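One structure is given here, and the rest of the page talks about it.
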Amino acid sequence: MLAVNILRYVFVPLVSLVIGAFVGCLAGFALGWLLAFGYEKRGPSDPGDAPAYVALGLMLLGGCVGAVAGLIVGIIWSVRSARSHATLQPRES
């Protein structure tokens, strides 16, 4: 039973990391897409595909920030859950 609890406490931060990265990518893409609507070409030297690069950069940044935030939240939740579970269980001598 102990191995199942340990695997659960390891699995939760990994899942939260993936979910955080996915949500961060979606948020970065949505922000990049919103910024792309307001893009105007300023002249002949201005690249026309700049909004795509901005959206990709914001997706990458959002994914990284979301992954870190998800990992931190998952670790905090897992540690708090393990501590509350440990206080509820009687100690065996």
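FYI, it's all coordinate maths here, none of it is from the lab. Please read these numbers as outputs of a predicted model, since none were measured by experiment. In this analysis, Cβ positions are derived from the backbone assuming ideal geometry, glycine residues included, and neighbour counts consider all displayed protein chains.
Okay, here's what the table says:
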item: Between 0 and 90°, nearest 10: helix 2-37 axis offset from the chain longest Cα axis; result: 20 degrees
item: Kirkwood Rh (inverse of mean 1/r, distinct Cα pairs), the chain, angstrom; result: 15.8 Å
item: Rounded tilt (10° steps) of 50-88 against the dominant C-alpha axis of the chain; result: 10 degrees
item: Loop-exposed trypsin sites (Lys or Arg not before Pro) per DSSP, neighbour cap 15 Cβ within 10 angstrom, longest uninterrupted part of the chain; result: 43-90
item: Dipole of the chain, positive direction: furthest Cα of VAL79, GLY57, PHE29, with charges on the beta-carbon; result: VAL79
